[in-house]
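The values are calculated or read from the model by the stated rules, or taken from the named source; none is laboratory data. Bear in mind the structure is a predicted one, so any value in this text is a computation, not a measurement. Here the Cβ positions follow ideal geometry from the backbone for every residue, glycine too, while neighbour counts run over all protein chains shown.
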Amino acid sequence: MAETINPFGKKVIRVSTDFCGRELSLEVNRVGFRTSASVLARYGDTVVLGTAMVSDGQVQGLDYFPLSIDYEEKFYAAGKISGSRFIKREGRPSDEAILIGRLIDRPIRPLWPKGYRNEVQGVATVLSMDPGFRPDMVAMVAMSAAFMLTGAPFEGPVAGLRIGLVDGQLTAFASPEQLDKGPLDLVVAGTKDGIMMVEAGANEVSESQVVEALEFAHKMVQPAIKLQKELVEKVGVVAREYELLKPDKEIVDRVETWLAGKMGANLRAPHPERGDIVKKLRDAMFEHFEMNPPAGGGDDFAAQKADFDEAFTMALHQDLRQAVLHENIRPDGRKTTEIRPLSSEVGFLPRAHGSSLFTRGVTQAMNIVTLAPLSYAQMVDTMERQGERRYLHHYNAPGYTIGEVRRLGSPGRREIGHGYLAERALLPMLPDEADFPYTIRSVTEIMSQNGSTSMAATCSSTLALMDAGVPLKAPVSGIAMGLMTNGTKSVILSDIADAEDFAGDMDFKVAGTTKGITALQMDMKVHGLPVETLAKTLEQGKAGRAEILQHMLSTLPEVRQQMSPYAPRVETIIINPEKIREVIGKGGETINKIIAETGAEIDIKDDGMVMIASPDKKSIDAARQWIESITAEPEVGRIYENVPVVNVMDFGAFVQIMPGKDGLVHVSEMSEQRVEKPSDVVKEGDKVTVKLVSIDDRGRLQLSMRAAQREMKEKKD
């Protein structure tokens, strides 16, 4: 096969391997000539462009790593044009795209060295999408490979897989339909040696099944990791020079010397007392070194204050880790499996359809549930999906929740991610649409933060949904787990607080019912963990979830049987789909008339399910009766009272027993006495009572006034 040379005389390099039954290929030098690195990844008909940009120098004045990773959906990749009537160009990323961007970011970010301050940007753009599987894991491989080729100090590669349970078998690259219908949708990303990130939605899957899936996924990603290394070797990547921004060793030594004997047991207190103690100690340190500055004087201290601050934080984290690893003592004095104090209440907002307040330690989540007819469901129109969402969970966490002054704005990636995790935890436990025909919006307003607000949002959502009368299949609780490890010893912590999260090596959130897991999210700060450690974390988390759930059920033992008087009532009836046109009427005339005169909201689905909504039961009953009169089918043996005569003939009269349904009352069936002329008995417009005697093979209705009179007389007697 002839070599391909790009317009600049460079050879196009391509490597490929078998990956879960299909060819995975990585290609460079075909596109993206001015990037730091760009990779075209192809798997089946899915093609993703991963581009990486790395700045030449450090960004000054930052105390964080300026890495951004974005995932771009392109409608053309799926052969679609946006369904929006007005906007056809891709605009703001969908929540789905933001979540996938986070999914790619989370296993990659920890693999950059601490103190690296060069600006790094990654963009994964889906150019072509095979509808047989989701493209996000191909995008992760493309992005990892691009970073590997930059020569920057990225300690990859990483690769990920989305795993489903199809007919009881673990399956990589399951179709979207299989993932939606199956009990497990699990994403696992890792390096050659360990797992870096886990994200899952599940329908009460057991801990052992999750562990099996983790082992399966980590084994299956290895060809994609090996392929990236092969590409790096073929390209001949040259390492970039770089500097790490770390406190001066002399400053670190001076801070550690000053802190000797001042930490340890002196800092052990629950939040916020511990925070106050730490603040006073930090301020005292600043005051000391300001009074005893380096050789250059006070001006030098002012210039180096940020280094002193970072050195203090490093010492604080190290002190916390030492206490946990060597003394099994947590910052607030808790045992490793102990959960912070819990309290909760429900129904405290009088006009809300459902409300709750869940407090764990200093973390507090308020949740408000609003119910509406199914017509209020959110329309979803993305590259991958088109349809409706009837359950929406929104999460808000303003600056005041962490004691900061912060401008209010639209939700960021963190808020969207936390909201989605809590939504995913409850989704499999919602009642079926036919049993509970409502759109459900659950909003978590975080009131205070100090660890795992997403799991607090899950618990508060459960309580508010139960308070609203939503018949959950089972209540859900959630917990955040942490880890401290020094390579030889690992300590798993239940219900981690902020201090343990910042100083720790893992953030592991798990939610579920008494039967199993419904949602899972794990992020590493070290370079991967073995499956055995994650298995222990799941088991310890199971006990913690059970304790939290027990508290929740002590507040509200079961779903309320009565909904709020302010919530709309929705009732459903099933009609013949062929009758939908009659209910709607020409140009919507009939249905609009029903809505206007009854005050009810009416939604009709293509399968014939009609949903009637109103806070007023009389309004629902009136609309139901009207629709039933339009759609009812004639019943042999039924008596129809006060129905109109529409036509009088020599041989009898035609009577309309329901809209569009006329039947003949033969002259012989008009009375017990002989009738010579039908016009002697009835005239057009008269209201009569008839009985449907039969329907012949041509669908003609045979009615009898005489039989109706006889039957009604017998009932009266």
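Residues of region 686-706 that are surrounded by fewer than 18 Cβ atoms within 10 Å (Cβ to Cβ) and more than 60 Å from the chain's Cα centre (by Cα): ASP686 alone.
Against the condition in the same structural domain as ASP603 (by TED's automatic domain parsing), of a type outside the set (Ser, Thr, Tyr) and on the phi < 0 side of the Ramachandran plot, how does ILE573 come out, does it pass?
So ILE573 fits the description; yes.
Given the structure, is ASP307 acidic (Asp, Glu), loosely packed, with under 14 Cβ neighbours inside 10 Å and outside the structural domain of GLU119 (by TED's automatic domain parsing)? Spelling it out, it is not the case that ASP307 is acidic (Asp, Glu), loosely packed, with under 14 Cβ neighbours inside 10 Å and outside the structural domain of GLU119 (by TED's automatic domain parsing). Just give me the residues in region 473-524 being among the aromatic types (Phe, Trp, Tyr) and surrounded by fewer than 21 Cβ atoms within 10 Å (Cβ to Cβ), in sequence order. Within region 473-524, PHE502 is the sole residue that qualifies. Screening ALA457 on (1) hydrophobic (A, V, I, L, M, F, W, C); (2) surrounded by fewer than 24 Cβ atoms within 10 Å (Cβ to Cβ); (3) touching a residue at least 60 places away in the same chain (Cβ under 8 Å) shows it passes everything except condition (2).
The residue that is surrounded by the most Cβ atoms within 10 Å (Cβ to Cβ), counting only those in region 592-604 that are among the hydrophobic types (A, V, I, L, M, F, W, C) and under 35 Å from the mean Cα position of the chain (by Cα), is ALA600.
Counting only strands (runs of 3 or more DSSP E) wholly contained in region 341-384, the ones carrying 2 or more residues that are among the aliphatic types (A, V, I, L, M) occupy 342-346, 363-373, 378-381.
Suppose we filter ASN328, ASN396 for residues that are surrounded by fewer than 13 Cβ atoms within 10 Å (Cβ to Cβ) and touching a residue at least 24 places away in the same chain (Cβ under 8 Å); which single one remains? Working first, answer last.
Values: ASN396 fails: surrounded by fewer than 13 Cβ atoms within 10 Å (Cβ to Cβ).
Residue meeting the stated conditions: ASN328.
Looking at region 396-407 only, could you name the residues that are over 23 Å from GLU96 (Cα atoms) and not in a helix (DSSP H, G or I)? Hits for region 396-407 are GLY403, GLU404, VAL405, ARG406, ARG407.
Of all residues in region 560-594, how many are outside any helix (DSSP H, G or I) and not aromatic (Phe, Trp, Tyr)?
The first filter runs over region 560-594 and keeps only residues outside any helix (DSSP H, G or I), leaving 560-576, 585.
From what is left, the residues that are not aromatic (Phe, Trp, Tyr) are 560-565, 567-576, 585.
Residues in region 560-594 being outside any helix (DSSP H, G or I) and not aromatic (Phe, Trp, Tyr): 17 in total.
Residue pairs whose Cβ atoms lie under 8 Å apart, separated by 6 or more positions or on different chains, with the first residue in region 267-286 and modelled with pLDDT of 95 or more and the second surrounded by fewer than 12 Cβ atoms within 10 Å (Cβ to Cβ) and not in a helix (DSSP H, G or I), do not occur. Between residues in region 419-439 that are closer than 15 Å to LYS181 by Cα and residues that are among the polar types (S, T, N, Q) and surrounded by 18 or more Cβ atoms within 10 Å (Cβ to Cβ), which pairs lie under 6 Å by C-beta distance while being six or more apart or on different chains? Filtered contacts from region 419-439: PRO428/ASN203; PRO428/THR518. Per this entry, PRO93 is not counted among residues that are assigned by TED's automatic domain parsing to the domain that holds VAL221, out of contact with any helix residue (DSSP H, G or I) (no Cβ under 6 Å at 6 or more places or on another chain), crowded, with 17+ Cβ neighbours inside 10 Å and assigned to a helix (DSSP H, G or I).
Do we have any residue at all in region 410-424 that's in a helix (DSSP H, G or I), under 17 Å from the mean Cα position of the chain (by Cα) and either outside the structural domain of ALA511 (by TED's automatic domain parsing) or closer than 27 Å to VAL610 by Cβ (or both)? No, there is no match, as no residue in region 410-424 is in a helix (DSSP H, G or I), under 17 Å from the mean Cα position of the chain (by Cα) and either outside the structural domain of ALA511 (by TED's automatic domain parsing) or closer than 27 Å to VAL610 by Cβ (or both). If the condition is being more than 24 Å from LEU371 (Cβ to Cβ), in contact with a Gly (Cβ under 9 Å, 6 or more places away or on another chain) and not polar (S, T, N, Q), then region 574-625 contributes PRO577, GLU578, LYS579, ILE580, GLU582, LYS593.
Evaluate region 312-321: report whether one residue or more is touching a strand residue (DSSP E or B) at 6+ places or on another chain (Cβ under 7 Å) and not assigned by TED's automatic domain parsing to the domain that holds CYS459. Yes, that holds for at least one residue.
One residue is enough: does region 44-62 have a residue meeting the conditions in contact with a Ser or Thr (Cβ under 9 Å, 6 or more places away or on another chain) and in a loop (DSSP other than H, G, I, E, B)? Within region 44-62, one or more residues are in contact with a Ser or Thr (Cβ under 9 Å, 6 or more places away or on another chain) and in a loop (DSSP other than H, G, I, E, B).
Residue-by-condition table, conditions (1) surrounded by 18 or more Cβ atoms within 10 Å (Cβ to Cβ); (2) out of contact with any strand residue (DSSP E or B) (no Cβ under 6 Å at 6 or more places or on another chain):
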{"site": "LEU24", "(1), (2)": "yes, no"}
{"site": "SER36", "(1), (2)": "yes, no"}
{"site": "THR51", "(1), (2)": "yes, no"}
{"site": "SER55", "(1), (2)": "no, no"}
{"site": "TYR64", "(1), (2)": "no, yes"}
{"site": "SER68", "(1), (2)": "no, no"}
{"site": "TYR76", "(1), (2)": "no, yes"}
{"site": "SER84", "(1), (2)": "no, yes"}
{"site": "LYS88", "(1), (2)": "no, yes"}
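A search for C-beta distances below 7 Å between a residue of region 674-699 that is at negative phi and any residue that is of a type in the set (D, E, K, R) and surrounded by 11 or more Cβ atoms within 10 Å (Cβ to Cβ), counting only pairs 6+ apart in sequence or on different chains, returns THR689/GLU641; LYS691/GLU711; LEU692/GLU635; LEU692/ARG638.
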